[in-house]
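The structure is given below, and queries will be raised subsequently.
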Amino acid sequence: MSVHYTLNLRVFWPLVTGLCTALVCLYHVLRGSGGARAEPPDGVDGGDGGFPLLKVAVLLLLSYVLLRCRHAVRQRFLPGSPRLGRHAAFSSRHFREPGLSILLESYYEHEVRLSPHVLGHSKAHVSRIVGELVRAGRARGSPGLIPGGALALAFRGDFIQVGSAYEQHKIRRPDSFDVLVPLRLPPLVALEPRSLGEEPALAPAFRGCFVCALKAPPSPLGASGGHWLRDCKPFADAFCVDVRGRRHLSATLVLRWFQSHLQRSLATVRYSLEGRCRVTLTPGGLEQPPTLHILPCRTDYGCCRLSMAVRLIPAVHLGDGVFLVAPPPPPLPSAPLLELPEGLRAEALWGVNTARQEQKLLSWLQERAAPGACYLKCLQLLKALRDLGARGLDSAAATQWGRILSSYVLKTVLLAVLLRKGAPGQGWDEEHLGKCLEELVQFLRDCLLRRHTLFHCVLGPGGAAAEVGPLPKALREAAPVDLLAAFDGHARELAAARLLSTWQRLPQLLRAYGGPRYLARCPLPRSQRTQGFLEGEP
């Protein structure tokens, strides 16, 4: 992959102007502190030798101001600029115009696209730091938590990098990462996971959760009946809760142990990391996993000095690359934990992570995609569209908007659209970028308005099991999970209206927030400014 960099004029001109001004000020300070100077000979100009430098600085400042004024005047008074009305719609035909194509590409290059060089350095740095931490945690074991330590949890010794940074669709800055830290169960303990998708009277926000009952492993190590229960009692007392008369592995207790064990492991490796970075661990409480903050040292002169936040998520392997993670996704304010059915405890709820299956699915699509397919670029632009739509909202509305249009929901929208077609064909090349982006926006809006159901791409019989390989029995038997079912109809309608409004104003938003701002605009012909997208909708 070729790496190229472009000059950011929004930074270049102020930087040059400020630098020249600083040089002029420095010259005058040095000239004033140099004492009296000798009288110049007759016929020699004794004027200020810094005047030419001052003139250059003034000219640069005037050039910067004139360019800004020119851009503002063109934005306000250029005839023929598209002014989409409140109830107008935005068609993919706009993207055939060279001006908007330039705006979209410019916005992608300057505001969305990540430098592969910087992303690669960031991922390698995270891998080294987390690797040392996990190895230290495995070496420490779990002394003191359970007498004898034989029935304690422990780090398995590896870690799994998940999320958009490792699926090639992360946007803006490589400053946040997700890492699964698999845990090793004692030999005497086995799990019996069960999906809550078909649990009666369960709020939709919890239908994607799982519970894990303890059972004897199918081996000579696990004695049957009372002997096994007696042998496993120390582990059950430390990490389990009672759910309907049976011991279940508690996500809350496991997360509490995980955070304390990480703190002790970090104390072991902190000194060895001091020369490369500063590392701190922020506990997430009982609702979020802990976050490892990696800050560059003052003596670090590397080319990618970024502060990064790494979420370390405790995970229990179910098999076939599927993990249960603690804690489960946070419930919505409209679905409090009090809505759990009788006998079901919140401490026993686990989330499921199918990142390995989703990576296989993306690889399967890539193998069948036409050369130059831009479906990942469309996903990145869809995330950028969501971020543009959040501008101007208050904190509560922006939080709700981000919950509904989460990155996982947007990725599922892309996978659903592609799987309906079988694979990205010729229609997903760069020439049809606007049309493909419009198709994703339209499908997402239909899902918000309940015209389509946005199911989890792996869970349940409707998942993409044939493309991702074998799945554990608990996932094959799980009920399909609607990712948007937890939101009420009013919230979904508001999100759909906001999505359409953002799409309608996309040209103006790209001009306002894209960079550089000095790109000449190519106005659309008046005949092109017509309704074409989601016709008949308000």
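The values are calculated or read from the model by the stated rules, or taken from the named source; none is laboratory data. These numbers come from a predicted model, not from an experiment. No Cβ is skipped: glycine too gets one built from the backbone with ideal geometry, and neighbour counts run over all protein chains shown. We work out accessible area using only protein heavy atoms, side chains counted, and drop any ligands, DNA or RNA first. Shrake-Rupley method; radii C 1.70, N 1.55, O 1.52, S 1.80 Å.
Just for the range 316-330: of the residues that are in a loop (DSSP other than H, G, I, E, B) and open to solvent by 50 Å² or more (accessible area, probe 1.4 Å), which one is modelled with the highest pLDDT?
Asp320
If we only count helices (runs of 4 or more DSSP H) wholly inside the range 168-278, which ones have 3 or more residues that are touching a Gly at 6+ places or on another chain (Cβ under 9 Å) and surrounded by 20 or more Cβ atoms within 10 Å (Cβ to Cβ)?
251-273
List every residue pair whose Cβ atoms sit under 7 Å apart, with the two residues 6 or more apart in sequence or on different chains, where the first one lies in the range 360-372 and is touching a residue at least 12 places away in the same chain (Cβ under 8 Å) and the second, anywhere, is exposed (fewer than 13 other Cβ atoms within 10 Å of the Cβ).
Correct list of pairs: Ala370/Gln426; Gly372/Glu430.
When you check Arg403 against the structure, is it out of contact with any helix residue (DSSP H, G or I) (no Cβ under 7 Å at 6 or more places or on another chain), over 18 Å from Gly427 (Cα atoms), open to solvent by 40 Å² or more (accessible area, probe 1.4 Å) and touching a residue at least 24 places away in the same chain (Cβ under 8 Å), yes or no?
Answer is yes for this residue.
What do you reckon, is Glu287 part of a helix (DSSP H, G or I) and either at pLDDT below 95 or surrounded by fewer than 14 Cβ atoms within 10 Å (Cβ to Cβ) (or both)?
On the way: part of a helix (DSSP H, G or I): no; either at pLDDT below 95 or surrounded by fewer than 14 Cβ atoms within 10 Å (Cβ to Cβ) (or both): yes.
So Glu287 does not fit the description; no.
I would also like to ask the following. Go through the range 342-363 and count every residue that is open to solvent by less than 20 Å² (accessible area, probe 1.4 Å), farther than 16 Å from Tyr166 by Cβ and either touching a Pro at 6+ places or on another chain (Cβ under 7 Å) or at pLDDT 90 or above (or both).
So the answer is 4.
Being at pLDDT 95 or above and in a helix (DSSP H, G or I): is that true of Leu388 here? Walk me through it before giving the result.
Values: at pLDDT 95 or above: no; in a helix (DSSP H, G or I): yes.
No: the conditions fail for Leu388.
Return only the number of the condition from (1) surrounded by 16 or more Cβ atoms within 10 Å (Cβ to Cβ); (2) under 22 Å from Cys209 (Cβ atoms) that Glu439 does not satisfy.
(2)
While we're here: Quick check: anything in the range 417-440 out of contact with any strand residue (DSSP E or B) (no Cβ under 8 Å at 6 or more places or on another chain), modelled with pLDDT of 90 or more and closer than 27 Å to Gln288 by Cβ?
Looking through the range 417-440, none of the residues is out of contact with any strand residue (DSSP E or B) (no Cβ under 8 Å at 6 or more places or on another chain), modelled with pLDDT of 90 or more and closer than 27 Å to Gln288 by Cβ.
Output the qualifying pairs, or none if there are none: Cβ atoms under 9 angstrom, residues six or more apart or on different chains, first residue in the range 181-193 and within 20 Å of Leu471 (Cβ to Cβ) and touching a residue at least 12 places away in the same chain (Cβ under 8 Å), second residue of a type in the set (Gly, Ala, Ser) and in a loop (DSSP other than H, G, I, E, B).
Within 9 Å, the pairs are Pro182/Gly157; Ala190/Ala216; Ala190/Ser219; Ala190/Gly222.
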